[in-house]
Amino acid sequence: MSISISIKKKVSQDWLDAYPELSPYKANKLFKVVGPFVLGIELFTLPYQGKEYRPYFVGYSLWDNNEEECMLGPIFMQEIKDKKGWQFNIPFSDYDSKNAEAIECTKNKIKTSFDKIVLIKDLLQVFNSLFSTSYSLPEKMYAYITKFYFALYIGDLNLVNETLKEIINVSSDWGPNIFKFRYGTREQFIEKLQNDIINRESFLNLIKLNQGSNKFKKLKISDLEY
């Protein structure tokens, strides 16, 4: 028997009550715009029978060509674990028994706020923490890309160049075929990053354009401050 939409909406509402700064992009995607990202909580329904869910802290990029491309998949995601360090498997049928703990653990896990003002240092702490939880080369590369484009957005050219050097070093560990499958050739990928630095104004304009598109414009926005 499938879980009713009304129960899923009640689960989402519990999370919105705990995070009033977020808005429902979809019933299971509770987001807001923070600089060059859409950040928030995503409630993933587990595939087996679809009777349980698991919360994640996720980030989507705003520098792709349009909203549809931005939402193809998160640029990073951090699973929320329970107090014992285990995965959450929260039953929709009895979500009250686990939801409070999941929300508490989420607040402890996420090292930044969703307030109107978000501190740049807090977001950098979040992005740096991705490296300790990224175990595969693709995950690590996503972490570097996230940090690179955040640095480009805030105009910290020292951090941009530092991160670019790290990307060049890390990408040399990839086999050429695996890298090409994901990003094109290594040379093309590095050249694109370098061009984005040169064309920063176009990068910023694309983010601004996406912020005002379709569903994104309905989300609340946080300002970044040092």
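The values are calculated or read from the model by the stated rules, or taken from the named source; none is laboratory data. Treat the numbers as computed from the prediction; the structure is a model and nothing was measured. Note: ideal-geometry Cβ built from the backbone for every residue, glycine included; neighbour counts use all protein chains shown.
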| query | Picking from Ala27, Ala102, which residue would you name as being of a type in the set (Gly, Ala, Ser) and touching a Pro at 6+ places or on another chain (Cβ under 6 Å)? | reply | Ala102
| So which helices (runs of 4 or more DSSP H) are wholly in segment 66-166 and hold at least 3 residues that are of a type in the set (A, V, I, L, M, F, W, C) and outside the structural domain of Glu191 (by TED's automatic domain parsing)? | 96-109, 120-133
| Restricting attention to segment 70-97, which residues are closer than 23 Å to Ile3 by Cα, out of contact with any Leu (no Cβ under 7 Å at 6 or more places or on another chain) and loosely packed, with under 15 Cβ neighbours inside 10 Å? | Glu79, Gln87, Pro91, Ser93, Asp94, Asp96, Ser97
| Subset of segment 110-132 [surrounded by 13 or more Cβ atoms within 10 Å (Cβ to Cβ) and modelled with pLDDT under 85] | Lys111, Phe131
| message | Looking only at residues that are crowded, with 18+ Cβ neighbours inside 10 Å and of a type in the set (Phe, Trp, Tyr) in segment 20-55, which one is farthest from Ile117 (Cα to Cα)? | response | Tyr53
| request: Could you please give the count of residues in segment 3-61 that are without any contact (Cβ under 8 Å) to a residue 24 or more places away in the chain, under 16 Å from the mean Cα position of the chain (by Cα) and farther than 17 Å from Glu79 by Cβ? | output: 2
| note | If you go through Asn169, Asn158, Asn214, the only one that is over 29 Å from Ser113 (Cβ atoms) and loosely packed, with under 13 Cβ neighbours inside 10 Å is Asn169
| Say we look at segment 22-40 and pick out the residues that are small (Gly, Ala, Ser) and assigned to a loop (DSSP other than H, G, I, E, B); which of these is farthest from Ile221 (Cα to Cα)? | Ala27
| Taking segment 133-143, which residues are within 17 Å of Ile178 (Cα to Cα) and either surrounded by 16 or more Cβ atoms within 10 Å (Cβ to Cβ) or more than 14 Å from the chain's Cα centre (by Cα) (or both)? | Tyr135, Ser136, Leu137, Pro138, Lys140, Met141, Tyr142
| field | Where a residue in segment 70-93 is touching a residue at least 60 places away in the same chain (Cβ under 8 Å) and its partner, wherever it lies, is part of a loop (DSSP other than H, G, I, E, B) and among the β-branched types (Val, Ile, Thr), with Cβ under 6 Å and at least six apart | value | Phe92/Ile3
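Mind listing whichever residues of segment 99-109 are in contact with an Asp or Glu (Cβ under 8 Å, 6 or more places away or on another chain) and either over 19 Å from Lys51 (Cβ atoms) or at pLDDT below 90 (or both)?
Asn99, Ile103, Cys105
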| task | Report yes if Glu166 is modelled with pLDDT under 95, within 20 Å of Pro74 (Cβ to Cβ) and charged (D, E, K, R), otherwise no. | result | no
| query | So which residues in segment 1-19 are within 26 Å of Phe37 (Cβ to Cβ) and either exposed (fewer than 11 other Cβ atoms within 10 Å of the Cβ) or charged (D, E, K, R) (or both), if there are any at all? | reply | Lys8, Lys9, Asp14, Asp17
| field | Subset of segment 1-21 that is of a type in the set (Ser, Thr, Tyr) and in a loop (DSSP other than H, G, I, E, B) - its residue that is modelled with the lowest pLDDT | value | Ser2
| remark: Note on Glu67: of the conditions (1) crowded, with 20+ Cβ neighbours inside 10 Å; (2) at pLDDT 95 or above, unmet is (1)
